[in-house]
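Bear in mind that the values in this text are calculations on the coordinates, not laboratory data. If you're wondering where the values come from, they're calculated on a predicted model, not measured in any experiment. Reconstructed Cβ throughout: ideal geometry from the backbone, glycine too, with neighbour counts over all protein chains shown.
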Amino acid sequence: MDDPYQNNMTQPQGEAYPNYGEGTGQADGYGYQADYPQQDEDARSDATEGADDDEAMYEGEYQGVPHPDEIKAARRAARAEARRKAKEAELEAEEEQLPEQYETIMEECGHGRFQWQLFTVLGLALMSDGVECFVVGFVLPSAEKDMCLSNADKGMLGLLVYVGMMIGALVWGGLADKLGRRQCLLYALTINCIFSFLSSFAQGYGFFLFFRLCAGIGIGGSVPIVYTYFSEFLQMDKRGEHLSWLCMFWMCGGLYASFTAWGIIPHYGWGFSMGTEFQFHSWRVFVLVTLLPSLAALAGLFFMPESPRYLLENARHDEAWMILRNMHDANWRAKGEPERVFTVQTIKTPQTQDDEFIEIQSDTGTAFQRFTVRHVTLVKQVIKNIMSLAAPELRLTGLFLAIIWFTLSFSYTGLSVWFPDMVKMMQFEEYESKTKVFHREKVEKFHFNFTLANQLHKEGEYIHDRFSNIELKSVKFEDSLFENCYFEDIRSTATYFENCTIKNTVFYNTDLWKEKFIDCRMENNTFLHPKKGCHLNFQEENDILIYMVSFLGSLAVLPGNIVSALFMDKFGRIKVIGASMLASAGCSFFLFVCFNQGSVIFFQCIFFAVSVAAWNAVEVITVEIFPSAKRCTAFGVLSGIGKFAAIISSFIFGKFVYITRIIPIILSFCALVCGGLLSQKLPETREYILQ
């Protein structure tokens, strides 16, 4: 058959046309030739004779023929581009293959004893986070007396715990994608245990503040790591339900904190003192007891393996295979089928794009230099991972999730602060309405040896009177005269002297000191053995109703948890988030009709029961929507945004408690409606395989 590419011209027999450049003075041929000999100086064109080497011009350029070097360079570039595309296609195929294979392995391993053991250990870690959110609120009434805290100091203590948890969520979430879920959770719980223990012994406000901040940084990493860690041991059809059951441990943390605070803090005798410099009161015992869930989780975590999904993502195939086989054997042995064999022989692992660490040989540089390089590299990788969340394929979904986390945390945390404060305010208003007023009374040579409580004395005169071994509770003297009086062994709470004249009076062993006298005129008075500082009054400061409010609020979460766990996979995450947030908005709107303590507590329970379903669904969808290499980082960033919203709402709602209820209710309502409607723009993930 004739070659279609041959010239059809008839060639005389016996004659052969020479190839291009063959038998002529031209040495250059087409680009398919491998090498081209260097031309001699004499062979150069006259047109380029005398020109520099850099300015030499190829003759074929006049005829539009590409230079052979250009042809070779173009072919090399084409081959490199083809290799790059082939490698990208191979990596993409591997990335698509691993999730499918991993899901198949999870189905083969089954769901059983291993997952329930891990469920218990991680639940205790999550319970520690719930406890941490309640600790400061319960100890504050006693700690403010023990440490003489001002209102500004009390507000700083409450907010700083959330600041620590926000920092912890960002730091530990980013590190868990680089160092491993289990390892970072061990570090986080250890830090929480150490600094919580130290805070119980801190005598000064500054040290106590610092220790609680560090404890918050430790426990802040528990939420993003726990959910990510547990989800990577679950198959697709079990994920939504069992992650929702895991959320119940946060509720258990609130119940545990409320119950132990109620049982310990009011018992003043449950403590000891070493002189006047070291006091260990019952509220410090409570802080120690709240360490138990964190310690238990820390102990259990030592017996748990690393996430095999994390190991596979980092090309640690053998370790992951061994963990999966042990999980398979443990589950089927517990189900009475020990003869089942783990059939997986190899697992396709993706090729990592960059090394996890820059390894330095032991004889290179000093130990400090090696330490610095490794950790600087780690920090850069964490920052790079955080910045990668703004990639086009994740940007919009991440923004929607961030808004939902912010609005849900803003309203939930704000109302969590507002409910107990509203109950306290109503108690105070009811107590104040019963205040006895004494006007222009004149008392001479009288011995006050009984408790004075909830009284207001105006323009009175007290001459040659004796006040001994009594307690003054919520007593105020205005524009009164005290002359030649004697105060001995006085204990006071919310007691003040305003615009009074005090002459020739002795104060012996009392806590009536400078801050108790407001714009008073003092003449020739004596203060002997004053009780400087603040002193605890547990009957006044530890109202059982406050513990009951927190206990009922935590207990009300139980039905919401059960409902969300049962229907999470049936209705889908998006419908659960939308329905829960909109129903919570309706509950918050009904707070306008709460005019007594009972109604506030009732709507608090309804709000918590309804809103917890949204929390469960948001945490589940956050785990499912991000790829494994960024999952914990993304969860940490979103959790940090939630803690930032909690800081803002705690500050705003706390300021408006004694001013108006309209602003907190409107803000909560709008935030919940906005988040609930926006959630419908998210993709449904109940049939997603973890990418």
Original post:
In terms of modelled amide H atoms, which long-range or inter-chain residues lie less than 5 Å from the amide H of residue 453?
Top reply: 473
**OP:** Please sort by residue number the chymotrypsin sites (Phe, Trp or Tyr not before Pro) in segment 587-665 whose DSSP state is loop and whose Cβ has at most 15 other Cβ atoms within 10 Å.
**Re:** 595, 658
Subject >> Pairwise centroid distance, computed over Cα atoms, of segment 487-507 with segment 199-219, Å >> reply: 35 Å
Subject >> Electrostatic dipole magnitude of segment 470-509 [Cβ: Lys, Arg +1; Asp, Glu -1; Cα centre; debye, to 20] >> reply: 80 debye
Original post:
Distance in nm between label sites at residue 479 and residue 82, each 7 Å beyond Cα in the beta-carbon direction?
Top reply: 10.2 nm
**OP:** Could you work out how far the C-alpha centroid of segment 171-192 sits from that of segment 585-652, in angstrom?
**Re:** 24 Å
Original post:
Quick one: putting +1 on the C-beta of Lys and Arg, -1 on the C-beta of Asp and Glu, what dipole do you get for segment 549-691 around its Cα centre, in Debye to the nearest 20?
Top reply: 220 debye
Original post:
With the dipole of segment 179-321 worked out from charges on the C-beta (+1 for Lys and Arg, -1 for Asp and Glu) around the Cα centre, which of 183, 223, 292 lies farthest toward the positive end?
Top reply: 292
**OP:** Sort the following peptides by mean Cβ neighbour count (other Cβ atoms within 10 Å, averaged over residues), highest first: 462-472, 385-395.
**Re:** 462-472, 385-395
**OP:** Quote the FRET efficiency, to the nearest 0.05, computed for residue 509 versus residue 339 with a Förster distance R0 of 60 Å and r equal to the Cβ-Cβ distance.
**Re:** 0.15
**OP:** May I ask you to compute the full-extension gain from residue 292 to residue 377, defined as 0.36 nm times their residue separation minus their alpha-carbon distance, rounded to one decimal in nm?
**Re:** 27.0 nm
Subject >> Magnitude of the charge dipole, segment 391-495, Cβ model with Lys/Arg +1 and Asp/Glu -1, debye to 20 >> reply: 260 debye
Original post:
Relative to the present Cα-Cα distance, how much length would full extension add between residue 71 and residue 443 at 0.36 nm per residue of separation?
Top reply: 122.4 nm
Subject >> FRET efficiency for residue 433 and residue 562, using Cβ-Cβ distance with R0 set to 45 Å, rounded to 0.05 >> reply: 0.60
